[in-house]
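The values are calculated or read from the model by the stated rules, or taken from the named source; none is laboratory data. Values in this document were obtained by computation on a predicted structure and should not be read as measured data. Here the Cβ is made from the backbone with ideal geometry for all residues, glycine too, and neighbour counts use every protein chain on show.
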Amino acid sequence: MAQALSSADNTLACHWQGSRVGIPEVLGAIRQFRHHEARGGVQVSTVTLLALAGDGAAGGHVLDTVRVTGSHRPGRVVLVVIGGDAVGMDAEVRLYMDSSEGIQRWSEEVTLKIGGPVRDHLDSLVAPLLPPEVPVALWLAPGLQGHRFLLDRSQAVCEQSDIVVIDSAPATSMGTPGHGAHGHGEIPLSSALELARAHPLMDLAWVRQAPWRRAIAGLGVGAFTGWDASSSPALTHIVAEGPQSAPLLLACWLACVASIPAQLIDSSPSKRLRLALETATRTGSQSLPGPVPSSASAGSAKSTFAGQGDLEAVVEASDGDPFVYGKATLQGATLAEVHSPIPSPLRVWALRHALAKPMRDPLWEKAARLAIAIDANTTSPANGS
């Protein structure tokens, strides 16, 4: 037994580990911990988080996130780190106790490091560790192995899960959409959509963007972003800047809800996640402008409507900012300002949300399809159809 250690509001009450062991030994350690240590307490929650990681770093990212979720942590976490060709399984079992709210709650953490042929039989390996009649959330964290390596081995496990959790843009340590420095959980949107056709799926990158979407809604931009090619008096251009695929996904969400054509989206890389809408009065026979190159800056995109711009809405925040700042202006005069709080740490809040409300999001699917079409330099209707 390990010495008790504190982690957030949780105390590590028991720890067991074994090398070249089997599932019976792991189940025996769980039963022993429950019998001797967990009596008189209640399970933290009635959801099981099953995580498949492509390497130790990706697995560590999963555990670092889960361990600071406090009383919202899953009742059982089963992490499977898929290694190389070496045959065998190493295992660790931890029992955590949480008394922060006056009630003693316990949760379990099982880590399996596997290699060899068992990698192709993950469903039968993990099945005994998934409590019956308890919802299962499957988190796919590819790491250095790559997403295809993991997806090829997870199909049968997906069938055992109620929701699949992925991340289409790796999070930084602060939790905002990341810069690719970690790469623990990135799964391309195209692969995520393949999964979503067969299984309910939640994208943590999408969940983390909720404060930006709230800021846009708070500015009331829907009142002036409607598009009607025959009668609309305005042209609206979306300029999105940010890390990885985050800005394009956010811009495509707005294009879907506001019916803005895909060719009016300009996405470019930046450390700051920023979304701007620029509207210009259309006069005479002025035609719809063509696509703006993805390398164009916000300034060059704005010059498309030089001399015509009257309305602009911007929402933006950097890694570590406490809120998303939004501002709408008309010919330079402020119309509205909003401050949309960013939960801290955002990466932990996103996981809590995904586990508390596991459900398919049709709007994410529409935005993802549009983002893939734009990324492939094709034209796709803004409504994703």
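Here are a few things to note about the model shown:
- If you go through the range 124-148 and keep only what is without any contact (Cβ under 8 Å) to a residue 60 or more places away in the chain and more than 24 Å from the chain's Cα centre (by Cα), you end up with SER124, ALA127, PRO132, GLU133.
- Meets criteria (at pLDDT 50 or above, among the β-branched types (Val, Ile, Thr), loosely packed, with under 15 Cβ neighbours inside 10 Å and part of a strand (DSSP E or B)) for THR334: yes
- Beta carbons closer than 8 Å, at least 6 apart along the sequence or on distinct chains, pair a first residue in the range 348-363 that is at pLDDT 85 or above with a second that is assigned to a loop (DSSP other than H, G, I, E, B) and among the polar types (S, T, N, Q) for VAL348/THR69; LEU351/THR69; ARG352/THR69; LEU355/SER45.
- In the range 1-48, residue surrounded by the fewest Cβ atoms within 10 Å (Cβ to Cβ) [restricted to those that are closer than 25 Å to MET202 by Cβ, touching a strand residue (DSSP E or B) at 6+ places or on another chain (Cβ under 8 Å) and modelled with pLDDT of 70 or more]: VAL47
- Strands (runs of 3 or more DSSP E) contained entirely in the range 192-309, each with at least 3 residues that are at pLDDT below 85: 234-242, 265-269, 273-281
- Looking across ALA127, ALA51, ALA86, ALA58, one residue alone is modelled with pLDDT of 85 or more and surrounded by fewer than 23 Cβ atoms within 10 Å (Cβ to Cβ). It is ALA127.
- The residue that is farthest from the chain's Cα centre (by Cα), among those in the range 314-331 that are modelled with pLDDT of 90 or more and surrounded by fewer than 19 Cβ atoms within 10 Å (Cβ to Cβ), is LYS327.
- The residues in the range 339-362 that are part of a helix (DSSP H, G or I) and surrounded by 13 or more Cβ atoms within 10 Å (Cβ to Cβ) can be counted, and the count is 10.
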